[in-house]
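Asks: Following this message is one structure expressed as structure tokens.
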Amino acid sequence: MALEAIDMFQTQLDVAIQSCLSEPNLTIQKLQQQLGPLFADKSDAKKTQFEIVMGKHMLSLLEYDGNSEEYIMEARKRLEFILYCTDEGYCEEVLPLAAFEDLVDWQPIEVSMKLFEFFEKHKRRLLKGLTPNKGKGLVLLRLFNNLIRRAPKSNYSHFNGRVLIYLSNAFPLCERSGVNPRGECNSENITFYDETDDNQACNTFWSLQNLLNNPVKLVESGEVDRALEDMRVVVNKFESACGEERMVEDERMSMELDREEDAMDVDTDREKRKRDKEEDVVENVPDKKQKLSNDDEGEYEKEAYMHIPKYLPSVKLFEHEMKDPEFRKFILVQFLIILQYIRGCSSSERKFLEGARARIHPRMIPLSMPSISPKQEESIAELWTSITAQLENIPPHGKEFTERILHTLSREKVWIYWKFAQYCPDFSKSQPIPDLSKQSAERSAQLCAPLGELPDIDWVVKRREMKNAHKVVKVPSLEECYEALKHHESNQEYIVKRWQTIRAATRNHVLLIHKKIEFGKPGDMDRLIEAANKNPIGSLEGGTDEAHTASDPIIANEMGSPEPELDD
């Protein structure tokens, strides 16, 4: 593009952008109407000019006060406008991230927290087409790492968590840039303190922080025994502080009980009137907490929960810090993390990791990890038990807190195995194969479909020719059973024939089986046959079962009928 053409295009583009930004409610139609004619070809040169012109509009935000709501509204409006232009192809995909990065560079972290809501609101559109190792992925990673580095952990841990959650949604969990594959430690946080001869426990505690600053160096330098001994000293100091707290609490409870008993014994009218007067005065005193509205109180509690104090290495404050349950809890959890790392350097853990690495990658270089002695392993186990027992006794909810910490550490151990032993394999679910999924769907549809009409089964009859149809077992009728009953030869045979007659009657004349027949008395079978002849209810076609094959094999076999013979 010639210089004159570039100047003309920038002028037209500036007017179009200004027109879009002046709209109270910008729509896609308005955007296409203003910028569509200028980006008919959407060339890279025009995208570059758009970035230059839009940069001037972003710089115009310096006129506003950064802490004002007007600045936040204008900044969000410009960012959303750039995102609309990205969707239409008027600029590069990385421009919204670059514009946001320029905005937060000259603003305090409080303003950056408010602007970060733009990322959370448009997450799906911003992460569209993101590649972790190039382009928009690298810009996003650099931007968020700078935000985390700028935000102090003591006051903005909640914001750091929001940024990390966003990164975990943007990048796959197996992305090596976020898992620290070499296991490097951040050794920049160095504790400076003044040694004193008056309080040796204070010197031991703060010197231990510098030892625990780099666990890798701690194991390599052979300072494990010293660190374990110092940890034991600190844990014993915490235990004595807990004992003193319990004694003070017991004394306080005892004094309150004694005071209540004395008040009940010396409860005269004068004292009662005096207490009533004092209670009235207390009730009339306004409570500071009641002056706060519900929203203010919620914000106050939220800020107090988000705050993580930075403890000062002062000798004068050391005894007070020892009496703080939150301080002791913070340090004990730190000890558990360090002990788990040192325990991972044992010979058994090393053999386990190296064996897993050899199975997965036979040619992988062995781990260059220092090892600890069995005696040190025993010391770590004893110290671990002592720390967990002490954590459970720290109120409030010490047992539940300890269970959550131990569960988190166990998951961290699995994560280390995935990183060092398996070399960060991709554990995301793979997409199903289209052909197999289609076949599975068709098979499931066939199994779930209704049966419908039965197919023709004439082939069964044709296949089994009934050559021996005369030998097919038939169920005897009631009359046949009765005739056989008359010609019995013995008492036992009579009982059998009588039972067969009753069974045949229950088959086709079940309504006749009632008290009028008077079974068990002489002539009961005669009365049964007489009733059957008068009431042929329920009888089959022809009055007998001769046309039907044997469905009652008990009667048929005992009557002496032959077995059926079918030819396949």
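Asks: For Arg162, put the label point 7 Å out on the Cα→Cβ axis and report which residues of segment 124-139 keep their amide N under 15 Å from it.
Replies: none
Asks: For the pair Gln334 and Thr196, what calculated FRET efficiency results from E = 1/(1 + (r/R0)^6), where r is the Cβ-Cβ distance and R0 = 25 Å, to the nearest 0.05?
Replies: With a Förster radius of 25 Å, E is 0.65.
Asks: Bin by bin, in steps of 5 Å, what percent of the Cα pairs in segment 49-188 do you find, going until the bin that has the longest distance?
Replies: 2, 9, 19, 21, 21, 15, 8, 4, 2, 0
Asks: Can you tell me the length gained on complete extension of the stretch Gln33 to Leu59, counting 0.36 nm per residue apart and subtracting the Cα distance? The partial results should precede the final answer.
Replies: Working: separation 26, 0.36 × 26 = 9.36 nm, distance 2.53 nm.
Between Gln33 and Leu59, full extension yields 6.8 nm more.
Asks: Counting other beta carbons within 10 Å of each residue's own, what order do Cys345, Cys185 fall into, fewest first? If you can, show how the numbers build up before the last one.
Replies: Details: Cys345 21, Cys185 15.
Fewest to most other Cβ atoms nearby, the residues stand as Cys185, Cys345.
Asks: Expressed in nm to one decimal, what extension gain is obtained for the pair Asn535 and Val216 from 0.36 nm per residue of sequence separation less their Cα-Cα distance? Write out the running numbers ahead of the final one.
Replies: On the way: separation 319, 0.36 × 319 = 114.84 nm, distance 10.21 nm.
Gain in length upon complete extension: 104.6 nm.
Asks: How high is the FRET efficiency from Thr385 to Tyr423, r the C-beta distance, R0 25 Å, rounded to 0.05? Please report the intermediate quantities before stating the final value.
Replies: Values: r = 33 Å, r/R0 = 1.34.
The calculated FRET efficiency here is 0.15.
Asks: As a quick test, which of the pairs Lys30/Lys56; Lys237/Lys323; Lys351/Lys419 have an alpha carbon distance above 20 angstrom in this structure?
Replies: Details: Lys30/Lys56 22 Å; Lys237/Lys323 10 Å; Lys351/Lys419 16 Å.
Beyond 20 Å between Cα atoms: Lys30/Lys56.
Asks: Same structure, new question: Among the trypsin sites (Lys or Arg not before Pro) in segment 1-75, which ones are in a DSSP loop with at most 13 other Cβ atoms within 10 Å of the Cβ? Mind listing them?
Replies: Numbers: sites: Lys30, Lys42, Lys46, Lys47, Lys56; in loops: Lys42.
Qualifying residues, ordered by number: Lys42.
Asks: If each of Leu317 and Glu403 carries a label point 7 Å out from its Cα toward its Cβ, how far apart are those two points in nm?
Replies: 3.5
Asks: How much of the pair distance distribution for segment 89-137 lies past 16 Å, counting alpha-carbon pairs only, in percent?
Replies: Details: 535 of 1176 pairs.
Considering segment 89-137, 45 percent of its Cα-Cα pairs are separated by more than 16 Å.
Asks: Just to confirm a number: summing +1 for Lys and Arg and -1 for Asp and Glu over residues other than Asp65 whose beta-carbon lies under 14 angstrom from that of Asp65, what do you get? Could you put the intermediate results ahead of the total?
Replies: On the way: positive: Lys114; negative: Glu63, Glu69, Glu70, Glu74, Glu110.
Local charge sum for Asp65: -4.
Asks: I would also like to ask the following. Using the basic label-point model (7 angstrom from Cα toward the beta carbon), what is the Asn180 to Phe352 distance in nanometres?
Replies: Here the modelled spin labels are 2.0 nm apart.
Asks: Given a Förster distance of 22 angstrom, what is the FRET efficiency for Glu326 paired with Glu223, based on the Cβ-Cβ distance and rounded to 0.05? Walk me through the numbers on the way to the answer.
Replies: Working: r = 28 Å, r/R0 = 1.28.
Once rounded, the FRET efficiency stands at 0.20.
Asks: Sticking with this structure for a sec: Taking the Cα-to-Cβ direction at Ala5 and at Lys486 and moving 7 Å from each Cα, how far apart do the two end points lie in nm?
Replies: 12.4
Asks: Would you please give the residues with an amide H less than 5 Å from that of Leu130, counting only those at least 5 places away or on a separate chain, with H modeled from the backbone geometry?
Replies: Residues meeting the criterion, in which the H sits 1.01 Å from N, do not exist here.
Asks: Which pairs, out of Lys375/Lys413; Lys217/Lys399; Lys128/Lys438, put more than 24 Å between their alpha-carbon atoms?
Replies: Numbers: Lys375/Lys413 22 Å; Lys217/Lys399 33 Å; Lys128/Lys438 28 Å.
Beyond 24 Å: Lys217/Lys399; Lys128/Lys438.
Asks: Listing Asp102, Asp198 from the residue with the fewest other Cβ atoms within 10 Å to the one with the most, what is the order? Display every interim value, and only then the final one.
Replies: Details: Asp102 14, Asp198 7.
Going from least to most buried by this count: Asp198, Asp102.
Asks: Stretched out fully, how many nm does the piece from Asn133 to Gln18 gain, at 0.36 nm a residue minus the Cα gap?
Replies: Numbers: separation 115, 0.36 × 115 = 41.40 nm, distance 3.52 nm.
Gain on stretching Asn133 to Gln18: 37.9 nm.
Asks: Counting other beta carbons within 10 Å of each Cβ, put His407, His509 in order, fewest first. Intermediate values should be presented prior to the final figure.
Replies: Values: His407 10, His509 19.
Listing His407, His509 from fewest to most nearby Cβ atoms yields His407, His509.
Read-outs throughout are calculated quantities, based only on the coordinates presented, and are distinct from any laboratory measurement. If you're wondering where the values come from, they're calculated on a predicted model, not measured in any experiment. Every residue, glycine among them, receives a Cβ derived from its backbone with ideal geometry; neighbour counts consider all protein chains shown.
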